[in-house]
Amino acid sequence: MNMRKILNDAMTDADNETFDNARVLCFLSFLIYFAMAIGSMFTTHPWAPMDFAGGVTAMAVGFGVNFHLNRSKDDTTK
């Protein structure tokens with residue numbers, strides 16, 4: 001599989017054409033967070049492992065709750 005197909009499947013709704021704004025925002029947030037974490041290694045104050053883990057966990061839980069709430073909302077409209 002190529003990377004474009006994987007990203008398209010991960011960021012679109014069930015029809016594989018409509019992009020879900022929450023999924024795109026989630027992907028960009030994690031991408032930027034990891035870039036900031038890597039960039040912090042080259043500064044005078046790199047992030048500690050617990051700081052990094054706490055941030056990733058907070059984002060994962062927040063986006064997971066959002067996805068769950070949107071899924072239950074979409075199920076009621078069918």
_Subset of segment 1-55 [closer than 30 Å to R71 by Cα and touching a Phe, Trp or Tyr at 6+ places or on another chain (Cβ under 6 Å)]_ = M11, T12, C26
*asked:* I'd like to verify a number: residues in segment 41-56 that are of a type outside the set (A, V, I, L, M) and under 22 Å from the mean Cα position of the chain (by Cα), how many?
replied: 6
*Restricting the search to segment 24-41, which residues are of a type in the set (S, T, Y) and touching a residue at least 24 places away in the same chain (Cβ under 8 Å)?*
S29, Y33
*Condition check for M41: over 23 Å from R23 (Cβ atoms), loosely packed, with under 12 Cβ neighbours inside 10 Å and at pLDDT below 90*: yes
*Search segment 1-15 for residues being surrounded by 11 or more Cβ atoms within 10 Å (Cβ to Cβ) and not small (G, A, S), and hand back the single one that is nearest to V61 (Cα to Cα).*
M11
*Can you pull out the residues in segment 7-38 that are in a loop (DSSP other than H, G, I, E, B) and within 28 Å of G54 (Cα to Cα)?*
D20
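The values are calculated or read from the model by the stated rules, or taken from the named source; none is laboratory data. Bear in mind that the values here come from a model prediction, so they are computed numbers and not experimental data. Heads up, the Cβs are rebuilt from the backbone with ideal geometry, glycines too, and the neighbour counts pull from every protein chain shown.
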